[in-house]
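Notes follow once the structure below has been shown.
Coordinate-derived values only; no laboratory data. Keep in mind it's a predicted model, so treat the numbers as computed, not measured. All Cβ positions, glycine included, derive from the backbone under ideal geometry; neighbour counts span all protein chains shown.
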Amino acid sequence: MHKGWLMGVVLAGLLAGCSSAPTPTYDQSSATTTAASPVVGPRWNLLLLGTSERWTHPDTPYFEVVRQGGQLRLVGSNGCNRISGELNLESGNRFSVENLASTRMACPNGNDAQRVEAMLNGAYRYLIDHDRLVLFGRDSRVLGGFRRAN
């Protein structure tokens, strides 16, 4: 069942890429958007690493996008440590994280926490379908998925 929604999201993303409708543009200098981005504001909890690997550790990775000092910031947790970085949202659902930093506490799931950071650093585009957010790499490969927290 979970593969079904993911395939639907991927298909919707491919179809959306063929659309002739204009894509919202984002002005990072003032951190305002001509069309409000649904990425900004809610907490996004990790659902999948890649296309099917569920997070099995007690602390779920998450992120939120907040406006701070005229910029968008990504803040949250990689499942072990606090993370923070600059986020750029641009036309075409572009998503890029710069200067991602984290605290360095030792934890038993440190390798998986690093994978979460690598996913965020490698993200190039995003797609939102209802309460799901999927991140894609430059090669259009699914890097992971998140669910909007209630």
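Starting from the Cα-Cα distance between E53 and N88, subtract it from 0.36 nm times their residue separation and give me the gain in nm to one decimal.
Numbers: separation 35, 0.36 × 35 = 12.60 nm, distance 2.66 nm.
Extra length available between E53 and N88 comes to 9.9 nm.
Taking every Cα atom in segment 41-150, find the radius of gyration and the maximum pairwise distance Dmax, and write them in Å.
Spelled out, the Cα radius of gyration and Dmax of segment 41-150 are 12.9, 39 Å.
Quick one: L100, L46, fewest Cβ neighbours within 10 Å first, how do they rank? Walk me through the numbers before you get to the answer.
Working: L100 16, L46 22.
Lowest to highest Cβ neighbour count: L100, L46.
Using +1 on the beta carbon of Lys and Arg, -1 on that of Asp and Glu, and nothing else charged, what's the dipole of segment 35-150 about the Cα centre, debye to 20? Don't skip to the answer; put the middle values down first.
Details: 14 positive and 11 negative charges, 18 e Å.
Using Cβ point charges on Lys, Arg, Asp and Glu, segment 35-150 gives about 80 debye.
Taking H as built 1.01 Å from N, whose amide H comes closer than 5 Å to the amide H of G79, not counting residues under 5 places away?
Y62
Non-local amide H neighbours of R43 (under 5 Å, H modeled in plane, Pro and chain starts lacking H): which ones?
A149
Per 5 Å bin from zero, what fraction in whole % of the C-alpha pairs of segment 110-150 is there, up to the bin with the longest pair?
The calculated distribution, bin by bin, is 6, 24, 28, 22, 15, 4, 0.
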